[in-house]
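Structure, as structure tokens:
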Amino acid sequence: MRRTDPIARLAAAQAERAQAALLRRLRSVEAIDGTALVIDGRRLTGFASNDYLGLAAHPELIEALAGAARQWGVGAGAAHLLGGHREVHAALESDLAQWTGRERALLFSTGYLANLGTLQALLQPGDLCVQDKLNHACLLDGARLSGATLRRYRHGDVAVAERQLGSDPAAAALLATDGVFSMDGDVAPLPALAAACDAHGAVLMVDDAHGIGVLGPDGAGSLAEAGIGQDRAPVLMATLGKALGVGGAFVAGSAALIDGLVQFARPHVYTTAPPPALAAATRVAVRLAREEGWRRERLSAHVAHFREGAANRGLTLADSRTPIQPVLVGASDAALTAARALETAGFFVPAIRPPTVPAGSARLRVTLTAAHAADEVERLLDALQAVLR
């Protein structure tokens, strides 16, 4: 019997995806200038960036990065435990813990690795992991790789989540949720989920990739906005490459959690540490995010402007109060056609299609930033009305 060729199988799956108008395509950005980007030689106004506070090109971050690179070099050269952990990494971890109101914090190279490592360290076969159906893929993958029993509840449905927590009262249990959902932009019902975890003796873990820097006092995130501390949400993960404009991620929590992750979170133990220069730039980004509240105020004004303008034009949006403002289209081919038409009109707004979102819910994922001008938001609204008329 002839073996199946995995590469041929992969190619067949790609062909099926192309036939269904679901094929993803890598495109290179040739230049960036504020909110403008150049793709295929065309200058477009971008509404796809997660640089919510407009910090990625801030002069102070650039100078911090360059200065630290002159001091430490470009790369860390080793894993954290093998000499890659520098003073600037430790200082950044201290900043992040203080900002989020946690005892300690631990850096990871990416958010995906942070969630994989944390869930694999905390969960074992026979444990129970309960998750929102719209959680980010890395939370789901982390639970599956841990060997724990994974149960998924209907998006935002706390009653179902609570029933699932009660399905195996003897098992160690962890409930994981996005703080802000990346494709819908809505905020998880964190107080109710925390209460459910309290009632069932479960650990609450929140992935605040899209909430940190944007929500809460000083931008400390969705848990800070909800007034939920370390005692009721013991595990906080957030990324540094979105609102902070840099790169990497961290997990924050008790000393017991962080000490345990240093020992057992494989993506931390066996991955080269993030560049020290990146850590130096991130320290500046954290300071600016905390001190310059006008960035969040401007962002909120853009969100209100966009939602009011969309309502006036009859555009259908997801229920979101964050910078993620999905314009719902439905069919994948229609979303793709709309994205191409917007590009012709001078805007870069990618179409999001299954399997990233459920079938029949393709959308144009508009993301707003503090770097946008009000007239750019208004011009996008006019273009959307024309394209989706």
Looking only at region 235-267, which residues are over 19 Å from H58 (Cα atoms) and open to solvent by less than 10 Å² (accessible area, probe 1.4 Å)? V235, L236, M237, A238, A249, F250, V251, A252, G253, I258, L261, A265
If you take the residues in region 355-369 that are of a type outside the set (V, I, T) and either in a loop (DSSP other than H, G, I, E, B) or open to solvent by 30 Å² or more (accessible area, probe 1.4 Å) (or both), which one is nearest to A36 (Cα to Cα)? L368
The one condition in (1) more than 18 Å from R295 (Cα to Cα); (2) in contact (Cβ under 8 Å) with a residue 40 or more places away in the chain that E87 fails to fulfil: (2)
In this structure, does R321 turn out to be closer than 19 Å to G216 by Cα and in contact with a strand residue (DSSP E or B) (Cβ under 9 Å, 6 or more places away or on another chain)? yes
What is the residue count in region 76-93 for residues that are open to solvent by 40 Å² or more (accessible area, probe 1.4 Å) and in a loop (DSSP other than H, G, I, E, B)? 4
Scanning region 338-354 for residues that are within 12 Å of L380 (Cβ to Cβ), open to solvent by 20 Å² or more (accessible area, probe 1.4 Å), touching a residue at least 60 places away in the same chain (Cβ under 8 Å) and part of a loop (DSSP other than H, G, I, E, B) gives none
Residues that are more than 23 Å from A359 (Cα to Cα) and among the hydroxyl-bearing types (S, T, Y): which strands (runs of 3 or more DSSP E) entirely in region 111-209 hold 1 or more of them? 149-153
Has region 295-303 got any residue that is touching a residue at least 40 places away in the same chain (Cβ under 8 Å) and under 30 Å from R86 (Cβ atoms)? yes
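The values are calculated or read from the model by the stated rules, or taken from the named source; none is laboratory data. Computed from a predicted structure; not experimentally measured. Cβ atoms come from the backbone with ideal geometry, glycine included; neighbour counts cover every protein chain shown. For accessibility, only protein heavy atoms count, side chains too; no ligands or nucleic acids. Shrake-Rupley method; radii C 1.70, N 1.55, O 1.52, S 1.80 Å.
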